[in-house]
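Working notes, structure below.
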């Protein structure tokens, strides 16, 4: 029995290493509980002002930035995709058949109306003109002979001639006159063909690539020789929605739209040249598929920036935009009652001011009613403003540019 008791006491003794591990585990648990308890207790900031100081002091007015209301034109343009097209373009074809004797232009050059472009070998056509002139001489000679014969018959004694002879003479005279007219017409046709051996430019414009070179045979059936497109002035065609088109007519009237609206264009490079166009015309029907109407505007193009069949962005805005009060976009707030701003008076009190807004551009908003130029609106810190309560002005910015 004594041996069994000794074994039981030995089993109850703890190993020294186990005691150390138990103490370490207890210490870690106590440290973790202390760290968690520290997070639940409010701590004083290590440095810097207390949160209340950021609001202008404990119970003080909030800190805001203001900006005076300016007066300016806010005239954002409506943008449309436009296609450049020539006002006039022509494809020149040979009016007669023949071999090209000379080409008088350089491809891609500007040509003027009447400039000689092609010379077609005129030899055969000059010969035809000579033949037609000879035919006129023959016809005139035959007519003269018939007229002389008729006069002799008419002066002769009626008993010496028959009525048949007289009728035949008169018929020969009429036929001779017709032959002269026919010969003259044939000469005109021959001269017409001879004239078309020299091909001239019918319009001013830029000439393109030619398909006919010296020695080539050309004829009306062989297609166009070259194309000329007018480049100055030039047109831009663009489609306007029915809503925009009808709104313009309602606001200005069809007669006043020409002077009331300004039409410009932006190149694919982003450049907006200082060139204004004029409305040329619009189609007489609205597209049933797209609910748009095609409008064409004419532009000067002395520098060649507008290339036929190219695409640009058409910009349409007011030609004479009125000035109005302007506020920064960040000062404008909206709630269920509509748009409003906070206006700070001379006493430093912020008042809610409902406003009616107009166009918006470049971070500026035109105001139709509600504020006047020179009044100060809150632009930063609006979320801290309480209507009718004073605010602390941090700094004043300059008014929007005019």
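Data for the structure
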read-out	value
Flag for residue 269 being over 18 Å from residue 81 (Cβ atoms) and part of a loop (DSSP other than H, G, I, E, B)	no
Sole residue being assigned to a strand (DSSP E or B), surrounded by fewer than 18 Cβ atoms within 10 Å (Cβ to Cβ) and touching a residue at least 60 places away in the same chain (Cβ under 8 Å), chosen from 278, 298, 352	298
Selection status of residue 299, modelled with pLDDT of 90 or more and more than 17 Å from the chain's Cα centre (by Cα)	no
Output for the range 303-325, where each listed residue is outside any strand (DSSP E or B) and under 28 Å from residue 67 (Cα atoms)	320, 321, 322, 323
Selection count, the range 213-246, where residues are over 24 Å from residue 106 (Cα atoms) and more than 20 Å from the chain's Cα centre (by Cα)	1
Candidates 240, 184 - the one that is touching a helix residue (DSSP H, G or I) at 6+ places or on another chain (Cβ under 9 Å), in a helix (DSSP H, G or I) and in contact (Cβ under 8 Å) with a residue 24 or more places away in the chain	184
Top-ranked residue in the range 250-271 [being exposed (fewer than 14 other Cβ atoms within 10 Å of the Cβ) and within 12 Å of the chain's Cα centre (by Cα); ranked as farthest from residue 234 (Cα to Cα)]	270
Search result, residues across the range 326-348 that are exposed (fewer than 15 other Cβ atoms within 10 Å of the Cβ) and part of a strand (DSSP E or B)	334, 335, 338
Tally of residues being assigned to a loop (DSSP other than H, G, I, E, B) and modelled with pLDDT of 85 or more across the range 382-402	6
All positions within the range 211-229 that are farther than 19 Å from residue 307 by Cα and crowded, with 19+ Cβ neighbours inside 10 Å	212, 218, 225
All positions within the range 162-184 that are surrounded by 15 or more Cβ atoms within 10 Å (Cβ to Cβ) and under 60 Å from the mean Cα position of the chain (by Cα)	183, 184
Strands (runs of 3 or more DSSP E) wholly inside the range 23-134 that include at least 3 residues being exposed (fewer than 11 other Cβ atoms within 10 Å of the Cβ) and at pLDDT below 65	none
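The values are calculated or read from the model by the stated rules, or taken from the named source; none is laboratory data. None of the values given here were measured: they were computed from a predicted structure. Neighbour counts are summed over all protein chains in view; Cβ atoms, including those assigned to glycine, are modelled from backbone coordinates with ideal geometry.
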